[in-house]
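A quick write-up on the structure given underneath.
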Amino acid sequence: MKRIALLLAALLMFSLTGCGSSEAAGKASDSDKAGAYEVIPPEDGRGDLIPASSDVVSIPVLVGGGLPFTSMENLMNENYEDGTYTYEDMTQDGSVLVVDMAFQSLRTNETVEEYAEYAARFAALDTGEGEPRDVTCFQDEDYTQNLSYPVYIVWYTTGSGEDQREWMVYTVDTDDYTYLYAFGTIADEADDMQDVFYNICDHLELVD
């Protein structure tokens with residue numbers, strides 16, 4: 001968690017343009033995304049509530065977004081003593097990287113919109129993808145209503161050439177914890193995968 005605190009503190013030094021609406025990064029319509037893919041619940045324990053004990057704290061967990069991919073390779077599977085967690089998975093061909101994390105909120109004087117963008121940038125830096133560019137974000141009204149906390153979808157690009165990835169990051173801050181569910185896909189497949197990512201996010205919920 002010290003690494004998270006240091007990286008996010010560094011991010012707060014960047015100037016930003018703030019979150020706003022973007023037609024190019026807007027939410028796909030319900031008719032476009034509904035029923036496109038079957039959501040398969042993960043079988044590796046992801047999303048299970050972290051058991052309360054003298055050593056491990058139990059916190060609300062962002063669950064429900066099964067991954068409809070085959071041949072996934074787990075890159076990281078960490079549950080921390082404060083109840084927070086980090087999971088990273090990649091498809092076998094490397095085309096899609098999925099990051100699911102929760103950490104103690106570091107929001108201070110930033111607006112929720114500003115912090116959503118800072119937090120999303122962290123996902124790229126923490127996974128070694130580098131500093132994001134072309135960052136846009138918007139508040140999703142449906143997801144916000146579902147969670148009763150402001151939910152923002154953040155889009156950005158990392159890398160270049162064959163290493164370029166387009167990212168979609170579902171971000172929510174509950175004042176106590178920040179949750180990120182991020183999808184990074186190679187540029188050539190970004191448009192085709194957008195509906196898949198939204199379908200996963202449709203099923204996310206915070207469970208105590």
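What number of residues within region 185-208 are within 18 Å of Tyr170 (Cβ to Cβ) and either touching a Pro at 6+ places or on another chain (Cβ under 7 Å) or open to solvent by less than 10 Å² (accessible area, probe 1.4 Å) (or both)? Full working, then the answer.
At the first step, the residues of region 185-208 found to be within 18 Å of Tyr170 (Cβ to Cβ) are 185, 190, 193-207.
The next check asks that each one be either touching a Pro at 6+ places or on another chain (Cβ under 7 Å) or open to solvent by less than 10 Å² (accessible area, probe 1.4 Å) (or both); those that pass are 185, 196-198, 200-201, 204, 206-207.
Residues in region 185-208 being within 18 Å of Tyr170 (Cβ to Cβ) and either touching a Pro at 6+ places or on another chain (Cβ under 7 Å) or open to solvent by less than 10 Å² (accessible area, probe 1.4 Å) (or both): 9 in total.
Would you mind stating whether Thr111 is touching a Phe, Trp or Tyr at 6+ places or on another chain (Cβ under 7 Å) and modelled with pLDDT of 90 or more? Walk me through it before giving the result.
Numbers: touching a Phe, Trp or Tyr at 6+ places or on another chain (Cβ under 7 Å): no; modelled with pLDDT of 90 or more: yes.
Here the answer is no, as Thr111 does not meet what is asked.
If you take the residues of region 145-184 that are among the acidic types (Asp, Glu) and in contact with a Pro (Cβ under 9 Å, 6 or more places away or on another chain), which of them is surrounded by the most Cβ atoms within 10 Å (Cβ to Cβ)? Step through it out loud before you land on a result.
To start, the set of residues in region 145-184 that are among the acidic types (Asp, Glu) comprises 162-163, 166, 173, 175-176.
Then keep just the ones that are in contact with a Pro (Cβ under 9 Å, 6 or more places away or on another chain); that gives 173, 176.
Working: Asp173: 22, Asp176: 9.
Once the filter is applied, the top-ranked residue is Asp173.
Which residue, of Asp142, Asp100, is touching a Phe, Trp or Tyr at 6+ places or on another chain (Cβ under 6 Å) and within 24 Å of Ile59 (Cα to Cα)?
Numbers: Asp142 fails: touching a Phe, Trp or Tyr at 6+ places or on another chain (Cβ under 6 Å).
Of the residues listed, the single one that is touching a Phe, Trp or Tyr at 6+ places or on another chain (Cβ under 6 Å) and within 24 Å of Ile59 (Cα to Cα) is Asp100.
Just checking, which of Gly65, Gly128 is surrounded by fewer than 16 Cβ atoms within 10 Å (Cβ to Cβ) and modelled with pLDDT under 90? Steps first, answer last, please.
Numbers: Gly65 fails: surrounded by fewer than 16 Cβ atoms within 10 Å (Cβ to Cβ).
Result: Gly128 is the single residue among Gly65, Gly128 that is surrounded by fewer than 16 Cβ atoms within 10 Å (Cβ to Cβ) and modelled with pLDDT under 90.
Out of region 161-178, which residues are part of a strand (DSSP E or B) and closer than 19 Å to Met90 by Cβ? Spell out the reasoning first.
First, pick out the residues of region 161-178 that are part of a strand (DSSP E or B): 165-173, 177-178.
Hits for region 161-178 are Arg165, Glu166, Trp167, Met168, Val169, Tyr170.
Search region 124-141 for residues being free of Cβ contacts under 8 Å to residues at least 60 places away in the same chain and not in a loop (DSSP other than H, G, I, E, B), and hand back the single one that is nearest to Asp176 (Cα to Cα). It would help to see each step written out before you state the result.
Within region 124-141, the first condition is being free of Cβ contacts under 8 Å to residues at least 60 places away in the same chain, and the residues that meet it are 127-134, 141.
Cutting the leftovers down to not in a loop (DSSP other than H, G, I, E, B) gives us 133-134, 141.
Working: Arg133: 28, Asp134: 29, Glu141: 21 Å.
Among those that are free of Cβ contacts under 8 Å to residues at least 60 places away in the same chain and not in a loop (DSSP other than H, G, I, E, B), it is Glu141.
Arg121 passes all but one of (1) at pLDDT 90 or above; (2) of a type outside the set (Val, Ile, Thr); (3) outside any loop (DSSP other than H, G, I, E, B); which number fails?
Just one mismatch for Arg121, condition (1).
The values are calculated or read from the model by the stated rules, or taken from the named source; none is laboratory data. Remember, predicted model here, so these are calculated numbers, not experimental data. Cβ: placed from backbone, ideal geometry, glycine included. Neighbour counts: every protein chain shown. Accessible surface areas use protein heavy atoms only, side chains included; no ligands, DNA or RNA. Shrake-Rupley method; radii C 1.70, N 1.55, O 1.52, S 1.80 Å.
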